[in-house]
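The values are calculated or read from the model by the stated rules, or taken from the named source; none is laboratory data. None of these values were measured; they are calculated from a predicted model. Backbone-built Cβ (ideal geometry, glycine too); neighbour counts: all protein chains shown. Please note that ligands, DNA and RNA were not included when accessible areas were found on the heavy atoms of the full protein model with its side chains. Shrake-Rupley method; radii C 1.70, N 1.55, O 1.52, S 1.80 Å.
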Amino acid sequence: MRQLLIATRNPGKVREIKDILQDISYEIKSLDDIGYKENVEETGKSYEENAILKAKTIGKETNLLTIGEDSGLEIDMLEGWPAIHSARHTLGTDDDKIDKILEKLSSVPREKRTARYKSVIALYDPVSHKVQTFDGSCEGYITEKRIGKNGFGYDPIFWSKDLGKTFGQAEDREKNRISHRARALLKLKKILNTKVSIENHFGGVMNSDE
Ligand code: IMP
């Protein structure tokens, strides 16, 4: 069976991606599964640039069909911040980052706390050297306090319009049906499940990097 490498070290993302892609006919590997130790610096200026950077850098080194993912939380009242800086906007733990957001929104009423998660997945094929991207988003509100302990990152303060509760309260299978990452991965799946061989398909539609 062909292998598909997930180029991320975030255990929350790995768990979700493996779960969402469990029915494809590829053996899914994480960086830990293959003992890959390097880190790719996220120097891109957009989710797309960062996703491509991760997929291409690691796909070229490992010679495996590789997906890179970049995602973030965009808060309307903060002009879209923290977006691509979601993982690193404040030093410290995920809890410190949540506290910073709650502090910035402390005087903002519920109806103005609109936000969305965005995800871009890049698929890199080391045979054809081609890359293709897929995006997804999901809408919600930032709550006034943490609600629920499931998920990872900002999930306890992200109230999903689709689910009517926070991602922190959602079961994995609920979040993985409607999340930004699930929506991007669904588009990817359509390509991976195609009857045409992956190299042929990419030869036809993907953007070459060389
Ligand atoms: P990056 O894609 O590695 O730059 O990290 C994205 C950051 O956005 C994560 O570290 C989280 O803080 C946040 N994030 C992205 N997707 C999710 C999600 O599904 N749940 C919670 N936080 C997320």
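Note on the chain: helix-only mean residue ellipticity at 222 nm, from DSSP H runs of 4+ residues weighted -39500 (n - 2.57) and normalised by residue number, equals -9500 deg cm²/dmol. Excluding ligands, DNA and RNA, the accessible surface per residue across the chain is 50 Å² with a 1.4 Å probe. Placing dummy labels 7 Å off each Cα toward the beta-carbon, the span from Ala87 to Asp99 is 2.3 nm.
Kindly identify the range 1-76 as rounded, prolate or oblate by the Cα gyration tensor criterion: order the square roots of the eigenvalues as a ≥ b ≥ c, call it rounded if a/c is under 1.5, otherwise compare a/b with b/c, prolate if a/b is larger, else oblate. Since a/c reaches 1.5 but b/c is at least a/b, the shape of the range 1-76 is classed as oblate.
When you count the other C-beta atoms within 10 angstrom of each residue and take the mean per peptide, 15-25, 128-138, 150-160 line up highest first as 150-160, 128-138, 15-25. Summing +1 for each Lys or Arg and -1 for each Asp or Glu among the other residues whose beta-carbon sits under 14 angstrom from that of Gly136 gives +2.
Here the 3J(HN,Hα) profile of the range 76-93, calculated from phi with Karplus coefficients 6.51, -1.76 and 1.60 at θ = phi - 60°, is 4, 5, 10, 6, x, 4, x, 6, 5, 9, 4, 7, 9, 5, 9, 5, x, 8 Hz, Gly and Pro shown as x.
Compute the Cα gyration tensor for the range 63-103, then decide on rounded, prolate or oblate, letting a ≥ b ≥ c be the square roots of its eigenvalues: rounded whenever a/c is under 1.5, prolate when a/b is larger than b/c in the other cases, and oblate in all that remain. In terms of gyration-tensor shape, oblate.
Sorting the Cα pairs of the range 106-197 by distance into bins of 5 Å, from 0 upward, gives 3, 13, 20, 19, 14, 11, 8, 6, 3, 2, 0 percent per bin.
When the Cα convex hull of the chain is projected onto planes of every orientation, the mean area is 11.6 nm².
Applying the Karplus relation 6.51 cos²θ - 1.76 cosθ + 1.60 with θ = phi - 60° to the range 40-46 yields 3J(HN,Hα) values of 9, 6, 8, 9, x, 9, 8 Hz, where x marks Gly and Pro.
Pairs of alpha-carbon atoms within less than 8 angstrom and 6+ residues apart define the contacts here; what relative contact order does the chain have, in percent?
Values: 404 pairs, mean separation 39.4, N = 210.
Worked out over the chain, it gives 19 percent.
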